[in-house]
Amino acid sequence: MALRLWASSTANALRISCGTNSTAFYLSRSFSSVLDGLKYSESHEWVKHEGPVATIGITDHAQDHLGEVVFVDLPETGVSVSKGGGFGAVESVKATSDVNSPISGEVVEVNTKLSGAPGLINSSPYEEGWMIKVKPSNPSELESLMGSKEYTKFCEDENAAH
């Protein structure tokens with residue numbers, strides 16, 4: 001099941017709500033967080049672009065819906081990923097979901113810690129639970145992704161629609 005499909009069907013089924021406070025943006029259900037300084041896709045992946053490399057993972061919101069992550073399938077370094085294309089999968093106690101790349105580029109590093117500790121995606125989705133690092137082939141693709149305010153609004157709209 002693709003994360004994009006999962007994102008819409010799971011959010012609908014779980015009726016996720018979002019809220020904000022004055023210093024940061026948080027999804028109110030289970031205190032899922034949305035961090036400033038990252039870019040977000042509609043299929044609930046995040047990107048942190050620093051210098052020539054972009055780090056990619058799934059959002060706190062996504063890991064919360066997946067439940068306890070028990071296995072992660074990631075690509076090898078040197079593999080090309082395409083914006084919107086799958087690059088791996090996350091298996092949880094609830095389901096297995098494909099993970100899509102929010103940008104195109106070449107995988108330059110894979111988080112090997114996740115093979116022995118997939119739960120890092122649950123406990124630290126934005127720090128220790130990152131999945132891949134990519135050398136973007138088209139950095140302008142980052143402009144089509146949402147910032148924290150837009151992603152929070154996206155979650156609010158997704159919730160309101162259901």
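Derivation of every value follows stated rules applied to the coordinates shown; laboratory data play no part. Everything numeric in this text was worked out from a predicted model, so none of it was measured. Virtual Cβ from ideal backbone geometry, glycine too; neighbours counted across all protein chains shown.
The order of the peptides 70-76, 86-92 by mean Cβ neighbours within 10 Å, most packed first, is 86-92, 70-76. A simple charge model with +1 on the Cβ of Lys and Arg, -1 on the Cβ of Asp and Glu and nothing else charged puts the dipole of region 58-142 at about 140 debye relative to its Cα centre. Distance between the C-alpha centers of region 87-138 and region 32-82? Whole Å please. For region 87-138 versus region 32-82, the Cα centre distance is 6 Å.
Between Glu50 and Glu127, what length comes free when the chain is fully extended (0.36 nm per residue of separation minus the Cα-Cα distance, one decimal in nm)?
Numbers: separation 77, 0.36 × 77 = 27.72 nm, distance 1.40 nm.
That works out to 26.3 nm of additional length.
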